[in-house]
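The structure appears below as structure tokens.
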Amino acid sequence: MKTIQNYIDGELRNPQGNQWMDNINPSTGKVYGRIPLSDNSDVENAVQAAKRAFPAWSTTPYTERSRCLNVLADLIGKHAADLALAESIDNGKPVSLAAHVDIPRAESNIRFFASAINHYASEAHIMENTHVNYTNRKPIGVVACISPWNLPLYLFTWKIAPALAAGNCVVAKPSEITPQTAYLLSRLCIEAGLPNGVLNIVHGDGPTTGNAIISHPDIKAISFTGGTNTGAHIAREAAPKFKKLSLELGGKNPNIIFADCDYDKMLSTTLRSSFANQGQICLCGSRIFVEESLYEKFKTDFVAKVSKMKVGDPKDPKTKMGAVVSKSHMEKVLSYVQLAKEEGGKVLCGGEQVIPENEEISGGFFISPTVIEGLKFDCRTNQEEIFGPVVTITPFSTEEEAIKMANSVEYGLSATIWTQELSRAHRVANELQTGIAWINCWLVRDLRTPFGGTKSSGVGREGGFEALRFFTEAQNVCIEL
Ligand code: NAD
């Protein structure tokens, strides 16, 4: 049994109240460890440690903060294989995905912000010969970073790295469903010699631990990634206290395929954008709209390819589809397949729980990749976030119709457009109500670009200098000449 501990004031600690939660391996369905269910007193200790560390960390030269972060990134690189295996066991994702995407991205997130802080400049506004204003961007103080289970270390570091680089001290909470790599990170922070209290990692669930963090009066900003309902709850809690908020929430992303697309490239990328990480990436395209003249060909080829995708043991380096993250999530995803049938949809492939022959993983949470057609664009299956290996395919006849259906949801995170016609690509991207639009590609990420959603997909932007701006308070200083 693996025991996870909190990381507070530079040391690993058990929860004060000695309350614990089970940690379950989604590919076996078995408990394999325990994690702290931290309460107010643990959060209080973490906040106090962060407050004590803030004066020194915020005045540490940025070059030194950058150096500390690079040491941490080096250690992630050195332990990448162990971290990838831990992520796979904790989350159910294929170890090859964790090794090629999650862990390298966690390392590069930290390296990126270690570098970005060296180039973070502020503006000056000169008023003829009378006054000069300059913008003094100061770290905020103690900030919270709360992350979800789908890309555990990847999204955790995406928040922590800019917060620390900008000179803040952090109280962070990973998802209670996938806490293992955040715990390993805390051990690496100790090895890296990160000053005590600069980063504190408190484990536990949302209602107890998460709420204690977001409602704490000394937490001045909250960077949150997770579900839209949780984001709304955090906004309600934080707004009257005027905490700064960055909310990265759910999605229901359209993938719009025009008949003139580069077909082979579109087909192979659409397989990935539908089912990577078992469809549990906020950027997966779960609503596929296909121009009428291409619809039957696409349907035949896509379903043939999806039917060949087999779920397998996430620990096996050859596995491409692993387990979904939990039993309750598996049940939620399968309930949407049932709903789709009730709404008149036809399941073209998949749609069921898979029980592998390999006895070791026969109790795991596996779902066959699922393609559904015949649904109206405004039915619940096509409007609500499923967040699993389930996509719908829908024909469209005109560009206007595709845009209307794509924009019909409450979400607005990302979209993918497949066409060879340049002006149409720009036109459609401009019409889509999303924070990100990919044209003839998917999940290409330049860490300098603004990242985030519109509508119920969130408020604010992460990435590049946007993140450093979020984690600093701008003060205008005006001097008479
Ligand atoms: P979730 O909202 O249930 O949990 C996210 C985090 O919030 C967890 O650490 C959880 O413990 C914590 N939390 C829950 N209740 C809380 C509360 N009352 N106060 C404070 N913290 C609380 O989300 P999830 O199920 O872990 O993640 C899946 C969701 O995340 C999906 O909706 C997905 O689209 C979204 N997501 C969005 C992005 C993005 O960049 N927009 C990226 C990844 C995932």
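The values are calculated or read from the model by the stated rules, or taken from the named source; none is laboratory data. A quick note: this is a predicted structure, and the numbers were derived from the prediction, not measured. Quick reminder, even Gly has a Cβ in these numbers, built from the backbone with ideal geometry, and neighbours come from all protein chains shown. Just so you know, the surface numbers come from the protein's heavy atoms only, side chains and all, with ligands and any DNA or RNA stripped out. Shrake-Rupley method; radii C 1.70, N 1.55, O 1.52, S 1.80 Å.
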Original post:
Cα axis of helix 180-192 to longest principal axis of the chain: angle in degrees, 0 to 90, nearest 10?
Top reply: 30
Subject >> Under the Karplus curve 6.51 cos²θ - 1.76 cosθ + 1.60, θ = phi - 60°, whole-Hz ³J(HN,Hα) for segment 212-225, x wherever Gly or Pro sits >> reply: 4, 6, 5, 8, 5, x, 8, 8, 9, 8, 10, 10, 10, 10
**OP:** Compute log10 of I(q)/I(0) for segment 175-254 with the Debye formula, placing one identical point scatterer on every Cα and leaving out solvent, at q = 0.10 Å⁻¹, to two decimals.
**Re:** -0.30
Original post:
Per-residue HN-Hα couplings for segment 266-279, Karplus 6.51 cos²θ - 1.76 cosθ + 1.60 at θ = phi - 60°, whole Hz, x for Gly and Pro?
Top reply: 4, 5, 5, 6, 5, 4, 5, 5, 8, 10, 4, 6, 6, x
Original post:
Could you work out Rg/(2.2 N^0.38 Å) for the chain, with Rg from alpha carbons only?
Top reply: 1.00
Subject >> Alpha-carbon Rg with Dmax, taken over segment 253-447, Å >> reply: 16.3, 54
Subject >> Neighbourhood charge, 14 Å Cβ-Cβ cut-off, centred on E357 and excluding it, Lys, Arg +1 and Asp, Glu -1 >> reply: -3
**OP:** Send over the per residue convex hull volume for segment 194-323, Cα only, as a whole number of Å³.
**Re:** 189
Subject >> Longest to shortest principal axis, alpha-carbon extents of segment 113-253, angstrom >> reply: 59, 38, 35
Subject >> Estimated [θ] at 222 nm from DSSP helical runs (n ≥ 4, -39500 (n - 2.57)) normalised by residues in the chain, nearest 500 >> reply: -11500 deg cm²/dmol
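Expressed in nm to one decimal, what extension gain is obtained for the pair T59 and E331 from 0.36 nm per residue of sequence separation less their Cα-Cα distance?
Here the answer is 93.0 nm.
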Original post:
Residue-wise, which Karplus ³J(HN,Hα) couplings in Hz belong to segment 317-329, taking 6.51 cos²θ - 1.76 cosθ + 1.60, θ = phi - 60°, and x for glycine or proline?
Top reply: x, 8, 5, 9, 10, x, 8, 7, 6, 7, 5, 5, 5
Original post:
At S408 and Q383, where each label point lies 7 Å from the Cα along Cα→Cβ, what is the point-to-point distance in nanometres?
Top reply: 1.0
Original post:
Any idea which of C349, N382, V337 is furthest toward the positive side of the dipole for segment 312-385, if Lys and Arg beta-carbons carry +1 and Asp and Glu beta-carbons -1?
Top reply: N382
Original post:
By accessible area of protein heavy atoms, probe 1.4 Å, what ranking do S307, S246 get, highest first?
Top reply: S307, S246
Subject >> Distance from segment 199-260 to segment 70-91 (C-alpha centre basis), Å >> reply: 25
**OP:** Whenever you get a sec, compute what percent of the accessible area on segment 58-105 sits on carbon and sulfur atoms (1.4 Å probe).
**Re:** 64
**OP:** Keeping all protein chains in place, calculate the accessible area per residue for the chain (probe 1.4 angstrom), answer in Å².
**Re:** 40
Original post:
Sequence-distant or interchain residues sharing an amide H contact under 5 Å with I177, placed H: which?
Top reply: none
**OP:** Search the structure for amide H atoms under 5 Å from the amide H of R34, placed 1.01 Å from N in the peptide plane, and list their residues when 5 or more places away or on another chain.
**Re:** K2, T3, I4, N23
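How big is the dipole moment of the chain about its Cα centre under a simple scheme where the beta carbon of each Lys and Arg is +1, that of each Asp and Glu is -1, and everything else is neutral? Debye, nearest 20, please.
Dipole of the chain, to the nearest 20 debye: 540 debye.
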**OP:** For segment 253-447, with all protein chains present and a 1.4 Å probe, just round the carbon and sulfur fraction of the accessible area to a whole percent.
**Re:** 51
Subject >> Between 0 and 90°, nearest 10: helix 40-59 axis offset from the chain longest Cα axis >> reply: 60
Original post:
Taking amide H positions as placed 1.01 Å from N in the peptide plane, with prolines and chain starts having none, which residues 5 or more places from V354, or on another chain, fall under 5 Å of its amide H?
Top reply: F366, I367, S368
Original post:
Once the other residues with Cβ under 12 Å from the Cβ of E191 are scored (Lys, Arg +1; Asp, Glu -1), what is the net sum?
Top reply: +1
Original post:
Under a Cβ-Cβ cut-off of 10 Å, what is the net charge of the residues other than T181 that fall near it, where Lys and Arg count +1 and Asp and Glu count -1?
Top reply: -4
